[in-house]
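Here is the structure we will look at.
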Amino acid sequence: MIEEIKNRLKEVTNPASGLSFDKENRFQRIQFEGERLVIEYKRDGISAQEKKVIENQIVDLLSPLVQSDLIFVKTTSESSPDLTKTFKPVAKTQEPAQLKVGHGTVGNKKQVPGIKKIIAIGSGKGGVGKSTFTANLAITLKNLGLNVGVIDADIYGPSMPMIFGKRDEKPRATEEKKILPVDAHGIKLMSFGFFINENDPVIWRGPMLGGVLNQFLFDVDWSGVDYLLIDLPPGTGDVQLSMIQNTHVDGAIIISTPQDVALLDAKKGLEMFKKMNLNILGMVENMSSFICDRCYKEHFIFGEKGVKDVVSSLNTELLGQIPLELDLRLGSDNGIPYMTREEFKDRKVWEAYVQIGKKVINFIDPDLNPEKKTNFFSKILSLGK
C-alpha cells in the first residue's frame, strides 16, 4: 500500500509555486507508525494558509486508502525548525476537532476574537464548589439576557461535561479548522473532558497545559459571546499564569467556603491575581450554610460569615453568599444545573445567584445591568403620569 500512497502523493501541488511536491523534492518521509500514516515534508516558503491547502490535498488524495483521522502531517523547515516540528492531525470540515498539544508561549496580551468580556473564576484550593458555581453563574447570566461561554480549564479534573450533562459529546471542527464549542443548556462550552476518556488520567507537565488553554481561547469559534467564564484549576500554577500573561482578562472572581483553611488558600489566589494586575471583581462565599431539605432550617456547618469578615482586609468586595442545598448538588451530578430549574426561583440559592450575576454585570459592563435598564424605563414612563 505504501507504494500506492507515494504514487498518489506525487499529485500534491505547492500552491506557492504551482509545482508538484515530487518535482520540488519536498517529501522527506512517508511511512506507517502503527495504524497512523506519517507524512513529513519541507515547509520552507509555504505560508500557514497554503499549508492548509496542502493538507486538504493530501487527505483528498489518500481518503480512498487511509482514514483521514489516521493521517498525520509533520513539517520541517531549515529556517525555523522548532516552529514546525509538531505532529498535527489533518481535519476536514465537520471532522472531530483535534487538540494540538504543545507548550504555551508568553507574549503580548491578546483579545479573544468573538468575545466581549472574559471573567476568570479561581480558588486557592479544591473542593469549594468552583465548577458548580461557574456553571450556575453562566446559566444565571444567560437568564439575564447575555450570550455566555464557559471554558473548563481544569485539565487534570475536567468536570463541566458532567455538570452540563454532555459527557458523551465530541466537538467538531469547521472548514477553517476552528473548534466548535458544545451547546449545553444554551451555553457555549469547551472542556478538555471532551477530548479524553473519562477514566484516563492526565499525566502532563505544567507547560503543556498552557498550550491547551491557549487553543481553547484562540482556536475555538466563540463568535457572539458576551461573557466567557474560565473555570480555572485550584491553586496558583501554570494554567493561571499562562492565561493571565497571554490574554486580556476583564475580571476575576475568587471562590471560598467560610472555613479558615479554605480562606487561607483563597487569599493566596487573590494575591496572585493582584500581583498580575488583574481586576478583582470580588469573592463569593460558597456553601455559606446548609439548608436541610427536611427541616428547612439553615445550618452553618463550615462556620459563619468567614468570607464576609475578611473581604475588607483584602480590599475587595463580597459578591454574595450561596447556601448549599441537596438540589444544587443533585443538579451538578445529574447534568441539569440548578439555575436551569425555574421551580427553584423562590429559594435562597436562586436569589443568591441572581444577585451575584447582577453585581458581576454592574462591575464589568454597567450599561448591561438589568436593574439599571428597568429603572431607566420606569423613570421615562413616570414622566408621562
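Bear in mind that the values in this text are calculations on the coordinates, not laboratory data. None of the values given here were measured: they were computed from a predicted structure. We place every Cβ from the backbone using ideal geometry, glycine too, and count neighbours over all the protein chains shown.
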Report summary line: Phi-derived 3J(HN,Hα) across segment 114-123 with the Karplus relation (6.51, -1.76, 1.60, θ = phi - 60°), rounded Hz, x for Gly and Pro, is x, 10, 7, 9, 10, 10, 8, 10, x, 8
Report task. Quick one: pull the percentage of alpha-carbon pairs in segment 2-89 with a separation above 22 Å. Result -> 18 percent
Query raised in the report: How would you rank 281-292, 311-322, 43-54, highest first, on the average number of other Cβ atoms within 10 Å across their residues?
Result: 281-292, 311-322, 43-54
